Amino acid sequence: MKKYMIGLDIGTTAVKAVLFDVKGSYIDKETGNYPLHTPDAETAEQDPDEILEKTFEAVRLLVARNGCGDDVEFISFSSAMHSMILLDGDGGRLTDCIIWADSRSQGYADRLNEENGLDIYRRTGTPIHPMNPFVKLFYFKNEAPELYAGIGRVVGIKEYILERLTGEYAVDRSIASSMGMMNLETSDWDQEVLEMLGLSADQLPELVDTTAIYKMNEDSAAGINISPETKLVIGASDGVLANLGVNAIREGDIAITIGTSGAIRTVIDAPKTDEKMRTFCYHLTPSHYVIGGPVNNGGVILRWIRDELCQQEIGEADSCGKDPYEIMTEAAKDVPAGSNGLIFHPYLAGERAPLWDSKAVGSFYGLTLSHERKHMIRAAMEGVVYNLYSVYLALREQMNEVNSIKASGGFARSEIWKQLMADVFGEKLSVPKTYESSAFGACILGLYAIGEMDDLSEVDRFVGEDDAYTPDEHKYMKYQDVMSVYIEIGRSLEQFYGRMHELRE
């Protein structure tokens, strides 16, 4: 076996090529950033060829810097979910890459939910929402029939890149189950969904397990300066791989990720859906399924607070060589739990779980003349965690027990964030000393795919010790009081989201 493995994580705003040795030790990473095009409030697209170029460049630079082009055993993929690219019969692009945040299909999501959305969700595990490629296709079928008639194939960004590397169109069952088009019981394309869309299985990539291994074509291997003998493991979605990467793979283990967006997930051994359609159910392997909920509003909330409200903190950070977020969170640290009665509903980008409403909007409630900017920063941080906690409550209903809560993502660099999450959840929070959990999870899955692991539970021997955060009982009780108000106010506001949406048009 060669010395190294690469986890290739294709995210919403960046691709990360992460190099590990085959014992799981982090070596190095290379990041390539690309823009998101949002010409209006509902459209969210990217140039797939730009992402392809940045992906190839990231691998090329990583292996060149480490001199390991001939020593990589495999590259294993992780990818953001719900992306969609429509291709013609010759493989040419009919659209850009339409990502999960695109909400043009909201009206059709409403229509489907009123008709038979719950039945479709029970079969596919993906809530009916504009993020869902099935709903996006339903939108195009009705709103752009001429373009729709020219579809030769429907792919996501990972399938687009994999085809350039191998010449084959294939999609792993983890990504496919997040498309809202795969039947979880049969692990095949759902025939009723295909009939609704007027598509055939031939217009979709071949369905394969997340452990499928491919061979690179020589031109592509040369383009990234890596041996053509290097295996390509198709991998899975970033969400389910984050669970694997932080060793939250056993029953009762919960993984929470907060990056730009966020999610909370747990692994079960058979498909399960929620009667209220609050959570998803996605495939990882034939004996591992992941249930949970994604939120749109994670770190993006603090970025908005920074850009719109914290010019003073930005200036202070520039003058003393610190990160503005460090200045902001230090200010928030001095504010008592509950932000002196200020509550923030963090729906600045609509919301997926637990609302599944792209028209949802954010709000501060409880503002008085006594509140300062530091209270607003603290309330925003608390609001993000409250929202995740409300998803946790829905997930908890589907679990027998909770054994551990493990957190990862950009927020895990902040001590204040991590202690805040422990205090709101009222549970011990563990933060594994693992670099890039989704990319690492992809590599663990790669080791399993090539036979170096007999069972995914062997991830124990690769994941380092955890940092632990114990809840403050007094703060937990305070947050329980605040949560009851947060939830009740949120329910009262839901009736106005549609009307506020109309006022913005």
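The values are calculated or read from the model by the stated rules, or taken from the named source; none is laboratory data. Predicted model, so just to flag it, every value in this text is computed and none were measured. For neighbour counting, all protein chains shown are included, and Cβ atoms are generated from backbone atoms with ideal geometry for every residue, glycine included.
Only one of the numbered conditions (1) in a loop (DSSP other than H, G, I, E, B); (2) among the acidic types (Asp, Glu); (3) at pLDDT 95 or above is not met by Asp423, and that is (1). Scanning the stretch 163-178 for residues that are acidic (Asp, Glu) and crowded, with 24+ Cβ neighbours inside 10 Å returns a single hit, Asp172.
Specify which of the listed residues (Phe134, Phe140) is among the hydrophobic types (A, V, I, L, M, F, W, C), more than 23 Å from Ser78 (Cα to Cα) and assigned to a helix (DSSP H, G or I). Before you say what the answer is, go through the steps one by one.
Working: Phe134 fails: more than 23 Å from Ser78 (Cα to Cα).
Result: Phe140 is the single residue among Phe134, Phe140 that is among the hydrophobic types (A, V, I, L, M, F, W, C), more than 23 Å from Ser78 (Cα to Cα) and assigned to a helix (DSSP H, G or I).
This table checks each residue for (1) within 30 Å of Glu275 (Cβ to Cβ); (2) part of a loop (DSSP other than H, G, I, E, B).
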{"site": "Ile305", "(1), (2)": "no, no"}
{"site": "Asp318", "(1), (2)": "no, no"}
{"site": "Glu330", "(1), (2)": "no, no"}
{"site": "Leu367", "(1), (2)": "no, yes"}
{"site": "Ser370", "(1), (2)": "no, yes"}
{"site": "Val385", "(1), (2)": "yes, no"}
{"site": "Ser390", "(1), (2)": "yes, no"}
{"site": "Leu395", "(1), (2)": "yes, no"}
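The stretch 178-263 holds helices (runs of 4 or more DSSP H) entirely within its bounds, and those carrying 2 or more residues that are over 22 Å from the mean Cα position of the chain (by Cα) and free of Cβ contacts under 8 Å to residues at least 60 places away in the same chain map to 191-197, 218-223.
This table checks each residue for (1) crowded, with 24+ Cβ neighbours inside 10 Å; (2) of a type in the set (Val, Ile, Thr); (3) under 17 Å from the mean Cα position of the chain (by Cα); (4) at pLDDT 95 or above.
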{"residue": "Gly89", "(1), (2), (3), (4)": "no, no, no, yes"}
{"residue": "Thr95", "(1), (2), (3), (4)": "no, yes, no, yes"}
{"residue": "Asp119", "(1), (2), (3), (4)": "no, no, no, yes"}
{"residue": "Arg123", "(1), (2), (3), (4)": "no, no, no, yes"}
{"residue": "Pro127", "(1), (2), (3), (4)": "yes, no, yes, yes"}
{"residue": "Glu143", "(1), (2), (3), (4)": "no, no, no, yes"}
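Here Lys276 clears all of (1) in a loop (DSSP other than H, G, I, E, B); (2) farther than 28 Å from Leu165 by Cα; (3) at pLDDT 95 or above except the condition numbered (3). What do you reckon, is Glu73 out of contact with any Gly (no Cβ under 7 Å at 6 or more places or on another chain), in contact (Cβ under 8 Å) with a residue 12 or more places away in the chain and not polar (S, T, N, Q)? Here the answer is yes, as Glu73 does meet what is asked.
Among the residues of the stretch 374-391, is any out of contact with any strand residue (DSSP E or B) (no Cβ under 8 Å at 6 or more places or on another chain) and acidic (Asp, Glu)? No, the stretch 374-391 has no match at all.
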